[in-house]
Amino acid sequence: MTLATPPTDRLALKGDLLDFTAQPTWGRVDDPAVRFRPDHWLLVEGGRVVGVQADDPGDGWQREDHRGRLILPGFIDTHVHSPQLDVIGSYGTELLDWLNTYTFPAEQRYADAAVAQAGAERFLDALLAHGTTAAVVYPTVHKVSAEALFTAAEAHGMRLITGKVLMDRHAPDGLRDDVEQAERDCRDLIERHHGRERLSYAVTVRFAPTSTPEQLAMAGRLCQADPSLYMQTHVAENRSEVDWVARLFPQARSYLDVYDRVGLLHPRAVLAHGIWLDDQDHAVLARTGAHIAHCPSSNLFLGSGLFDWPRAQAAGVRISAASDVGGGTSLSTQRTLADGYKVQALNGQRLTAWAGLHAATRGAAEALGLSEEIGHFGVDTLADVCIWDWAQGTVAETRLTLARELHEKVFAWITLSDERNLVASYVAGRARYRRSR
């Protein structure tokens, strides 16, 4: 049940608090970066974290005792498509066919303001019901779809990064813009929404094939004119896509180089997938500060490939975790991370619970330049907090009782839980979702 409770000045939440103080070491299960404080109180005042303590804070606080439950920072989904919630779980195609068969027809509907508004509300309510309190979101090419997301996110009090999709070629009627009108729309949206409350604008290039060189250059100029803007796009998701980009941009060294040449790579750039990148591409990402939003569920579902997380991380590339709904099959971060484990296992590696959770909380916040605001329980962060049952059902409950140490317990929770384990989601200390049973 999504809701908005009256704000309270002093809120205390009791449970098993888990967050991170730094990036975990790859493959290490006894990592000092993990901060676990069982049976503690998280103190929230004026929507911000003001402390953590073992002792009861007393009658001056509105207390919620969730002992025996897990309390985490709200998840941050760094790559997700709001209109594609309508086509989640669509059968039988790889990336390029999937776009034409399912995605583009769904997105055409969002030219209608009423459809866009209803879709934005449904999408943000769904995020909160899955424990995601902040996101980097694709709307559609239609200005009204970005407006709807900004308006709904502000009403929910959420940290949201989005922007009108840029797409002026290789797309059907009703989903193409042009360079001049697109720039006017972007500038207007930036002026009215960027930096307002918890909203930020992302210059949103669908992917290189659907923008002309002129539109890509315009997008680069927007980013260079205002370093506080974000940029989001896709890169090297699928080998057929990579081949197509090579034919369209023969002067570029690589797919990533298409973006680098026009100034789209910078510390606030979010690039989804990045499966088919080479060492030189990784060096460019490390140099520019742009980061990869890893989307394992989508990569498996569409058969796109296996992202080599430790290789990219060793090269200095920052990595966050993302659902990529609707190519991804769930908004649940636990399902996303469980698929992330499978991807790395197929690569002969093992993704720890710590590396995965960090990439969906503090690591994502750091990659977005938001670690002073969200992603952990440090003093003065905004209280984007979610409360979870450790187990739901006999199988998970039995597994929990047999877990020998903390990592085993948390890894089992990631593998066996989903949105049904969610008890409540708080945004800036205000309950925006509570389970109805």
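Quick one: is ARG184 open to solvent by 20 Å² or more (accessible area, probe 1.4 Å) and farther than 27 Å from PRO296 by Cβ? Let's see the steps before the verdict.
Working: open to solvent by 20 Å² or more (accessible area, probe 1.4 Å): yes; farther than 27 Å from PRO296 by Cβ: yes.
Yes; evaluated as a whole, the condition is true for this residue.
With a requirement of 1 or more residues that are open to solvent by 60 Å² or more (accessible area, probe 1.4 Å), out of contact with any Leu (no Cβ under 6 Å at 6 or more places or on another chain) and of a type in the set (Asp, Glu), the strands (runs of 3 or more DSSP E) lying completely within segment 1-109 that satisfy it span 34-45, 62-73. Which of the following residues is under 18 Å from ALA33 (Cβ atoms), among the basic types (Lys, Arg), crowded, with 24+ Cβ neighbours inside 10 Å and touching a residue at least 40 places away in the same chain (Cβ under 8 Å): ARG350, ARG362? Matching residue, one of ARG350, ARG362: ARG362. Residues in segment 50-73: is at least one modelled with pLDDT of 95 or more and closer than 30 Å to ALA314 by Cα? Within segment 50-73 (the criterion being modelled with pLDDT of 95 or more and closer than 30 Å to ALA314 by Cα), the answer is yes, since at least one residue qualifies.
Looking across PRO267, PRO227, one residue alone is part of a loop (DSSP other than H, G, I, E, B), within 19 Å of ILE292 (Cα to Cα), touching a Ser or Thr at 6+ places or on another chain (Cβ under 9 Å) and modelled with pLDDT of 95 or more. It is PRO267. Take the conditions (1) surrounded by 24 or more Cβ atoms within 10 Å (Cβ to Cβ); (2) hydrophobic (A, V, I, L, M, F, W, C); (3) closer than 25 Å to GLY131 by Cβ; LEU300 misses just one of them, which is (1). If you filter segment 256-270 down to residues that are open to solvent by 10 Å² or more (accessible area, probe 1.4 Å) and not basic (Lys, Arg), you find that the one that is nearest to ARG198 (Cα to Cα) is PRO267. The residue that is farthest from CYS223 (Cα to Cα), counting only those in segment 161-180 that are open to solvent by less than 10 Å² (accessible area, probe 1.4 Å), touching a Phe, Trp or Tyr at 6+ places or on another chain (Cβ under 7 Å) and aliphatic (A, V, I, L, M), is LEU175.
Filtered by the rule that a residue be among the aliphatic types (A, V, I, L, M), open to solvent by less than 30 Å² (accessible area, probe 1.4 Å), outside any loop (DSSP other than H, G, I, E, B) and touching a Gly at 6+ places or on another chain (Cβ under 9 Å), segment 271-286 gives a lone residue, LEU285.
Among the residues of segment 269-289, those identified as out of contact with any helix residue (DSSP H, G or I) (no Cβ under 8 Å at 6 or more places or on another chain) and either closer than 22 Å to HIS81 by Cβ or of a type outside the set (D, E, K, R) (or both) are ALA272, GLN280, ALA283, ALA286, GLY289. Can you name the residue in segment 421-437 that is of a type outside the set (Phe, Trp, Tyr) and closer than 15 Å to PHE75 by Cβ and, of all such residues, is surrounded by the fewest Cβ atoms within 10 Å (Cβ to Cβ)? Restricting to residues being of a type outside the set (Phe, Trp, Tyr) and closer than 15 Å to PHE75 by Cβ, the top hit is VAL423. Among the residues making up segment 127-172, those that are out of contact with any Gly (no Cβ under 6 Å at 6 or more places or on another chain) and part of a strand (DSSP E or B) are THR132, ALA134, ALA135, VAL136, VAL137, TYR138, ARG159, LEU160, ILE161, THR162, VAL165, LEU166.
This table checks each residue for (1) in a loop (DSSP other than H, G, I, E, B); (2) open to solvent by 40 Å² or more (accessible area, probe 1.4 Å); (3) modelled with pLDDT of 95 or more.
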position	(1), (2), (3)
GLY369	yes, yes, yes
ILE374	yes, no, yes
ILE387	no, no, yes
ARG399	no, yes, yes
HIS407	no, no, yes
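Taking the options ASP380, ASP324, name whichever one is among the acidic types (Asp, Glu), surrounded by fewer than 17 Cβ atoms within 10 Å (Cβ to Cβ), assigned to a loop (DSSP other than H, G, I, E, B) and at pLDDT 95 or above. Show your work before the answer.
Working: ASP324 fails: surrounded by fewer than 17 Cβ atoms within 10 Å (Cβ to Cβ).
Just a single option satisfies the conditions, and that option is ASP380.
Tell me yes or no: at least one residue of segment 309-320 is in a strand (DSSP E or B) and touching a His at 6+ places or on another chain (Cβ under 8 Å). For segment 309-320, residues in a strand (DSSP E or B) and touching a His at 6+ places or on another chain (Cβ under 8 Å): present.
The values are calculated or read from the model by the stated rules, or taken from the named source; none is laboratory data. No experiment lies behind these values; they were computed from the predicted model shown. Cβ sites come from the backbone with ideal geometry, for glycine too, and all protein chains shown count toward neighbours. The accessibility values were calculated without ligands, DNA or RNA, using every heavy atom of the protein model including side chains. Shrake-Rupley method; radii C 1.70, N 1.55, O 1.52, S 1.80 Å.
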